1. Of 180, 6, 145, which is farthest along the charge dipole of the chain in the positive direction, counting Lys and Arg as +1 and Asp and Glu as -1 at C-beta?
2. Whole percent per 5 Å bin, from 0 to the bin with the longest distance: what is P(r) over all C-alpha pairs of the stretch 1-114?
3. How do 125, 189 line up, fewest other C-beta atoms within 10 Å first?
4. Per DSSP helix of 4 or more residues, -39500 (n - 2.57); summed, then divided by the residues of the chain. What does that give at 222 nm, rounded to the nearest 500?
5. To the nearest 0.05, what FRET efficiency results for residue 82 and residue 15 with a Förster distance of 30 Å applied to their C-beta separation?
6. How many times 2.2 N^0.38 Å is the alpha carbon radius of gyration of the stretch 3-217?
7. Could you compute the FRET efficiency for residue 25 and residue 124, with r as their C-beta to C-beta distance and R0 at 41 Å, rounded to 0.05?
8. For the stretch 56-135, run through the trypsin sites (Lys or Arg not before Pro) and keep only the ones in DSSP coil with at most 12 other Cβ atoms within 10 Å of their Cβ.
Amino acid sequence: METVVLVHGLWMPGLAMELIRRRVARGGYRAVAYSYPSMRLTLSENAEQLARYLRDLNASRLHLVGHSLGGLTALRAIEVATALPPGRVVLLGTPVTGSYAARRLQRLPGGRTVLGRSLAEWLRSPRPMAVPARETGVIAGRLSLGLGKLVAPRLPQPNDGVVSVEETQLPGMHDHIVLPVSHSGMLVSRAVARQICAFLREGGFAHLNRQDAKHAKND
């Protein structure tokens with residue numbers, strides 16, 4: 001069976017991916033939520049641990065779904081891992097080109113501590129690109145609700161309340177879609193789960209017409 005590994009974002013446990021994991025599993029996949037210390041370890045350390053975990057999985061095809069920082073961790077893990085089974089990658093609200101909100105938070109008293117070691121390393125690192133051997137799809141949100149607006153009230157529009165749509169534009173990505181969801185709301189959205197499964201099956205998203213978008217907003 002094809003395996004999907006879901007990787008959570010900053011400040012979250014693996015349990016945060018449980019609802020979306022169940023929905024992806026109903027799409028016919030063996031879906032597992034991977035948990036890692038997003039604050040305590042660096043991005044490189046977390047990527048190495050994820051790479052070891054992926055190598056040990058017995059999967060004919062191996063897909064990765066990463067939310068926010070989890071997407072950055074997944075991309076880095078693919079870079080360092082070798083001989084992984086083939087598969088696709090879906091990023092959810094991952095700030096691949098930079099994070100205006102994180103840079104603003106970093107300047108505030110105690111901001112560096114709040115960001116943790118993984119995000120701090122990433123802010124100093126070269127920006128990632130899609131891995132040519134793995135088709136990568138990106139889901140961005142445009143419902144501007146989230147903690148990022150508190151520390152970065154001038155967060156460029158459109159945004160999901162934490163990450164701007166522009167910040168999700170991964171060089172070399174195979175497809176990109178913008179949905180009416182917030183950064184955290186991605187994890188409870190049926191529309192997001194449907195789009196994940198569509199990309200994992202087809203290598204492309206089911207791009208919405210106006211009527212579909214209206215239903216997605218109400219999910």
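No value in this document is a laboratory result; all are computed from the given coordinates. Predicted model, so just to flag it, every value in this text is computed and none were measured. Note: ideal-geometry Cβ built from the backbone for every residue, glycine included; neighbour counts use all protein chains shown.
1. My answer, from the dipole projection, is 145.
2. Computed distribution, short to long bins: 2, 12, 22, 24, 19, 11, 5, 3, 1, 0.
3. With the fewest neighbours first, 125, 189 line up as 125, 189.
4. -10500 deg cm²/dmol
5. For residue 82 and residue 15, the calculated efficiency is 0.50.
6. 0.94
7. Once rounded, the FRET efficiency stands at 0.65.
8. 124
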